[in-house]
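Worksheet for the structure shown next.
The values are calculated or read from the model by the stated rules, or taken from the named source; none is laboratory data. All values reported here derive from a predicted model rather than from experimental measurement. Note that each Cβ is placed from the backbone with ideal geometry, even for glycine, and that neighbours are counted across all protein chains shown.
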Amino acid sequence: MCGICAIMMDNHNKDFPIGCLLYKMMESQQIRAQDSTGVAIFNNGENQELYRIDYFRKIDGMYTSFTEKVSPERLDKTLYELTQNPNIVITSVAKEMTLLKDIGLVRDLEAKYKIRSIQGTHGIGHLRIATSSRVTADNAHPFSTIAMPDIAVVHNGEITNYSKLRSALELQGHRLFTRCDSEVIAVFIADQLLRHGNLEKANYELIKNADGPFTYIVATPDSIAIVRDKFGARKCIFGYNPGSNDYPSFWAMATDLSALDSVGATFHVETPQPGKPKIFYRDEIQILN
Amino acid sequence: MNDANKFIIRKAILELAKTGIPRSTSIDDDVRNLHNMNSKIINLWDYVTAIGAQLSRPPYDPYRETISLNISIGRKRHKKVNLDIPLIIYGNTAIQYNSIEFVHLALNRLAEKGNVLGLISEIEINTIYDGKRKYPLFKKIDFSNNDSLEDYKKSSPEGLVIEYKDETSLKVLQNFRKEFDGPILVDVSEIFPFHIKTILREGADGIIVDTEKVIKNERYKGKHAIAVIHDAKNAIDDYYKGREANNDDYDNDDKAILVIAGDVNSAGKIIKAAALGANVIGYSTSMLIAHSHIYSEKTSNASSIADDVYSHMIGTKGEIKGIPAALGYSDFHNLSPSDLRTSSIDASLQGDIQLEGLDKTYKEMIEEIIKEYVNDKGIQKLDSSETQEVLRSIVGK
């Protein structure tokens, strides 16, 4: 019953506070899930020179978020040092992405991080109701990975063969920080992108290898992909706002139709086909079948 | 039915014959209490169960949704063999001579209906009942006669099986690998758990481990089949870990398979073995069914014996499809150790299986206790190898 959403601005528009659109869509879907929330917003012009490493430190059972900005030369060493500490959960490594997440409602996330004012070309959001892992800040979505920077995933459903996929990824030397099945998606896609760099192929590989009912949205610095499992067991919908209600034009994707309504994305409404990724590119809005 | 069960039934019948008084309790109660009567016959398979579907993990409906059992045998660059059911009939050689023709007939019928499974055979099939073979044959190499590959090619096998005994076997593998394009499986039961990396490095497409043979080895004395499967899976994983460490890239097409034979002779055990890491089961029950006609009171013809084998296999297929579906899988091969739970500490230790109600393995529990103890006493923190050493001293190797 999680809720997911995404926005891809038309014409590479990065001056609009995309956070307010995500906020509206998340608020309209809050009824679906109330345990934790999170967003990942791309190309807001913040982290151009330095890498931003976000992590939670677990102190006496409580998670406190920290951020470190490091030069590309120091990135590997810093990551190595952080991963040696069992109480640290790295949530993202980014140059072009801001990933914020915590337990609570979307209004709590807004109060803490002022997400509504964040600009960017595209972004994703998530509302979580915990099923297979605990309600903690590190288990909130979006999930990212240290395998490659600037990748984020939000997920609704269950990867039932999570254990098998996780073991295979760990065998290949990847580090996973949580016991949440959604983290496996982020690491799997990153692993595929490192091999061949093709997002569509990476998603097809995941559809082939992952089992269970799921829909997920994966975002990279220049694209957003929506993916449903081969049986289409979890719903998802996307639509277009051609520029109305004081908004510039954009594509919106969400679990519930109400979220598209909330931001006026009610044109060209479609549902992605099961087992076939739909990819929206930042520079060229194009839907792949 | 094992000897102990037979003993109870015989005892009950003799009691009735002697006294003429019907039993007031069920024979089943005696069978159930068998484990308490003699601890030696505890079978750890009985203490391992599959977890059921959960709220967040709805079961698939095998009647409407496809549950795949398919598997492809053969690594990159080699010709592959595809099975619709992950079973290869791998029976006792002594039985084969009598019954292989009936099994051949049943396998052909199964293949015609889209249920292709394999057969490992050392002897030639005469195919008197149904000429053309429609299923993949893995020809087992007989070391006692110095046949060449050309001799084995006569029966046009899709795959080969080498029983690894010593260094000579490795040379055979090297030679056949150069000339044979299909999958080569190596039975390592006699030397298990050694030489697996070498065998895989030399191009074997899969490892066969017979649990019954292995637990007779001194090294595995007192251990159960689940320990053998767990260790075999780890041995294959270690080979790939080594390749990863050497930046020797591989993908799923290049993965060697694990074939588990021996006492995996029912659908329940097939599921448990697959969850522990087996990709294909070397299944002997079909051969036993074909063989049982010798003891049957009614005269059977080849067709009716093949029918029995066929029906049993269709039933087994239904069962091994149903359990992954109930666990929320659309693919049988997605089963993993996390789908199993056990009420036995011994089973948890031998197969790294999570304990019921705790969702942790016994080793993980002890590790946590060690950590807590170290923290409470303010002892200098142990690194992972030191923790493993303490763990070994507590739970044994």
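Quick test of your reading of the structure: B:L276 fulfils all but one of (1) modelled with pLDDT of 85 or more; (2) away from chain A (no Cβ under 14 Å). Name the failing condition by number.
Every condition holds for B:L276 apart from (2).
When you scan the stretch A:173-190, how many residues do you find that are more than 13 Å from chain B (Cβ to nearest Cβ) and in a loop (DSSP other than H, G, I, E, B)?
First pass over the stretch A:173-190, keeping only residues more than 13 Å from chain B (Cβ to nearest Cβ): A:175-178, A:183, A:185-187, A:189-190.
With in a loop (DSSP other than H, G, I, E, B) added as a condition, the list becomes A:175-178.
The qualifying residues number 4.
State which residue is nearest to B:G74 (Cα to Cα) when the search covers only the stretch B:263-279 and only residues that are assigned to a loop (DSSP other than H, G, I, E, B) and out of contact with any Asp or Glu (no Cβ under 9 Å at 6 or more places or on another chain). Outline the logic, then answer.
Taking the stretch B:263-279 and keeping what is assigned to a loop (DSSP other than H, G, I, E, B), we get B:263-266, B:277-279.
When the remaining residues are screened for being out of contact with any Asp or Glu (no Cβ under 9 Å at 6 or more places or on another chain), the result is B:264-265, B:278-279.
Numbers: B:V264: 23, B:N265: 24, B:A278: 15, B:N279: 12 Å.
Once the filter is applied, the top-ranked residue is B:N279.
Can you work out which of the residues in the stretch B:100-150 that are among the hydroxyl-bearing types (S, T, Y) and buried (at least 18 other Cβ atoms within 10 Å of the Cβ) is modelled with the highest pLDDT? Outline the logic, then answer.
At the first step, the residues of the stretch B:100-150 found to be among the hydroxyl-bearing types (S, T, Y) are B:121, B:127, B:129, B:135, B:144, B:148.
Then drop every residue that is not buried (at least 18 other Cβ atoms within 10 Å of the Cβ), which leaves B:121, B:135.
Numbers: B:S121: 88, B:Y135: 93.
Looking at residues that are among the hydroxyl-bearing types (S, T, Y) and buried (at least 18 other Cβ atoms within 10 Å of the Cβ), I get B:Y135.
Please verify whether the stretch B:223-245 includes one or more residues that are in contact with a Lys or Arg (Cβ under 6 Å, 6 or more places away or on another chain), in the same structural domain as B:D166 (by TED's automatic domain parsing) and either of a type outside the set (F, W, Y) or farther than 21 Å from B:N175 by Cα (or both).
Residues of the stretch B:223-245 in contact with a Lys or Arg (Cβ under 6 Å, 6 or more places away or on another chain): B:239.
After this cut, where a residue has to be in the same structural domain as B:D166 (by TED's automatic domain parsing) as well, the list is B:239.
Now restrict to residues that are either of a type outside the set (F, W, Y) or farther than 21 Å from B:N175 by Cα (or both): B:239.
Yes, some residue in the stretch B:223-245 is in contact with a Lys or Arg (Cβ under 6 Å, 6 or more places away or on another chain), in the same structural domain as B:D166 (by TED's automatic domain parsing) and either of a type outside the set (F, W, Y) or farther than 21 Å from B:N175 by Cα (or both).
State whether the residues of the stretch A:65-86 include one that is in contact (Cβ under 8 Å) with a residue 60 or more places away in the chain and part of a strand (DSSP E or B). Outline the logic, then answer.
Residues of the stretch A:65-86 in contact (Cβ under 8 Å) with a residue 60 or more places away in the chain: A:65, A:79, A:83.
Of the ones still in play, those that are also part of a strand (DSSP E or B) are A:65.
Yes, there is a match, as at least one residue in the stretch A:65-86 is in contact (Cβ under 8 Å) with a residue 60 or more places away in the chain and part of a strand (DSSP E or B).
Yes/no matrix, rows are residues, columns are (1) assigned to a helix (DSSP H, G or I); (2) within 13 Å of chain A (Cβ to nearest Cβ); (3) surrounded by fewer than 18 Cβ atoms within 10 Å (Cβ to Cβ):
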{"residue": "B:D346", "(1), (2), (3)": "yes, no, yes"}
{"residue": "B:L358", "(1), (2), (3)": "no, no, yes"}
{"residue": "B:E368", "(1), (2), (3)": "yes, yes, yes"}
{"residue": "B:Q388", "(1), (2), (3)": "yes, no, yes"}
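Can you tell which of A:D222, A:D211 is at pLDDT below 95, farther than 23 Å from B:A245 by Cβ and away from chain B (no Cβ under 11 Å)? Step through it out loud before you land on a result.
Details: A:D211 fails: away from chain B (no Cβ under 11 Å).
So the residue among A:D222, A:D211 that is at pLDDT below 95, farther than 23 Å from B:A245 by Cβ and away from chain B (no Cβ under 11 Å) is A:D222.
Quick test of your reading of the structure: B:S348 fulfils all but one of (1) modelled with pLDDT of 90 or more; (2) assigned by TED's automatic domain parsing to the domain that holds B:E163; (3) of a type in the set (S, T, Y). Name the failing condition by number.
Result: B:S348 passes all but (2).
Just checking, does the stretch B:298-313 include any residue being farther than 13 Å from B:I89 by Cα, assigned to a strand (DSSP E or B) and in contact (Cβ under 8 Å) with a residue 60 or more places away in the chain?
no
Being in contact with a Gly (Cβ under 7 Å, 6 or more places away or on another chain) and among the hydrophobic types (A, V, I, L, M, F, W, C) is the filter here; which residues of the stretch A:200-218 pass it?
Of all residues in the stretch A:200-218, those in contact with a Gly (Cβ under 7 Å, 6 or more places away or on another chain) come to A:207, A:212-215.
Residues satisfying the conditions are A:I207, A:F214.
Quick one: in the stretch A:251-270, of everything that is under 19 Å from the mean Cα position of the chain (by Cα) and over 9 Å from A:G239 (Cβ atoms), which residue is surrounded by the fewest Cβ atoms within 10 Å (Cβ to Cβ)? Steps first, please.
Keep residues of the stretch A:251-270 that are under 19 Å from the mean Cα position of the chain (by Cα), which gives A:251-256, A:259-260.
From what's left, over 9 Å from A:G239 (Cβ atoms): A:255-256, A:259.
Numbers: A:T255: 25, A:D256: 19, A:A259: 28.
Ranking the candidates gives A:D256 first.
State the number of residues belonging to the stretch A:199-253 that are assigned to a loop (DSSP other than H, G, I, E, B) and not hydrophobic (A, V, I, L, M, F, W, C).
The initial filter retains those residues of the stretch A:199-253 that are assigned to a loop (DSSP other than H, G, I, E, B), namely A:210-213, A:221-222, A:229-236, A:242-249.
Adding the requirement that they be not hydrophobic (A, V, I, L, M, F, W, C) leaves A:211-213, A:221-222, A:229-230, A:232, A:234-235, A:242-249.
The qualifying residues number 18.
Just to verify a result, which residue in the stretch B:193-245, among those that are surrounded by fewer than 19 Cβ atoms within 10 Å (Cβ to Cβ) and among the acidic types (D, E), is nearest to B:I120 (Cα to Cα)?
If we take residues in the stretch B:193-245 being surrounded by fewer than 19 Cβ atoms within 10 Å (Cβ to Cβ) and among the acidic types (D, E), then B:E212 is nearest to B:I120 (Cα to Cα).
For the stretch A:150-168, enumerate the residues that are in contact (Cβ under 8 Å) with a residue 12 or more places away in the chain and farther than 29 Å from A:H122 by Cα. Please lay out each step first, then the result.
If we filter the stretch A:150-168 for residues that are in contact (Cβ under 8 Å) with a residue 12 or more places away in the chain, which is where we start, we get A:150-162, A:165-166.
Scanning the stretch A:150-168 gives A:T160, A:N161.
Residue-wise test of (1) surrounded by 15 or more Cβ atoms within 10 Å (Cβ to Cβ); (2) within 23 Å of A:R282 (Cβ to Cβ).
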| residue | (1), (2) |
| --- | --- |
| A:T64 | no, no |
| A:E73 | no, no |
| A:I90 | yes, no |
| A:V93 | yes, yes |
| A:R107 | no, no |
| A:A111 | no, no |
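Filter the stretch A:113-172 down to the residues that are part of a helix (DSSP H, G or I), at pLDDT below 90 and either more than 12 Å from chain B (Cβ to nearest Cβ) or within 18 Å of A:T37 (Cβ to Cβ) (or both) and list them by number.
A:A137, A:D138, A:N139
Restricted to the stretch B:323-342, and to residues that are within 18 Å of A:R166 (Cβ to Cβ) and among the hydrophobic types (A, V, I, L, M, F, W, C), which residue is farthest from the other protein chains (Cβ to nearest Cβ)?
Taking the candidates together, the pick is B:L340.
Here are the criteria: (1) touching a residue at least 40 places away in the same chain (Cβ under 8 Å); (2) within 14 Å of another protein chain (Cβ to nearest Cβ); (3) within 18 Å of B:F192 (Cα to Cα). Tell me which single one B:G282 does not satisfy.
(2)
Within the stretch B:30-48, does at least one residue satisfy the condition of being within 30 Å of B:G159 (Cβ to Cβ), loosely packed, with under 13 Cβ neighbours inside 10 Å and at pLDDT below 85? Write out each step before concluding.
So the first thing to find is which residues in the stretch B:30-48 are within 30 Å of B:G159 (Cβ to Cβ), and the list is B:45.
Okay, now just the ones that are also loosely packed, with under 13 Cβ neighbours inside 10 Å, so none.
There is no residue in the stretch B:30-48 that is within 30 Å of B:G159 (Cβ to Cβ), loosely packed, with under 13 Cβ neighbours inside 10 Å and at pLDDT below 85.
Can you tell me which residue among A:Y247, A:Y216, A:Y240 is more than 14 Å from every other protein chain (Cβ to nearest Cβ), surrounded by 24 or more Cβ atoms within 10 Å (Cβ to Cβ) and hydroxyl-bearing (S, T, Y)? Full working, then the answer.
Details: A:Y247 fails: surrounded by 24 or more Cβ atoms within 10 Å (Cβ to Cβ); A:Y240 fails: surrounded by 24 or more Cβ atoms within 10 Å (Cβ to Cβ).
None of the other options fit; the residue is A:Y216.
Test B:N279 against the criterion of being within 30 Å of B:R201 (Cα to Cα) and of a type in the set (S, T, N, Q), and give yes or no.
On the way: within 30 Å of B:R201 (Cα to Cα): yes; of a type in the set (S, T, N, Q): yes.
Yes; evaluated as a whole, the condition is true for this residue.
Are any of the residues in the stretch A:101-108 touching a residue at least 60 places away in the same chain (Cβ under 8 Å), under 24 Å from A:M8 (Cα atoms) and in a strand (DSSP E or B)?
yes
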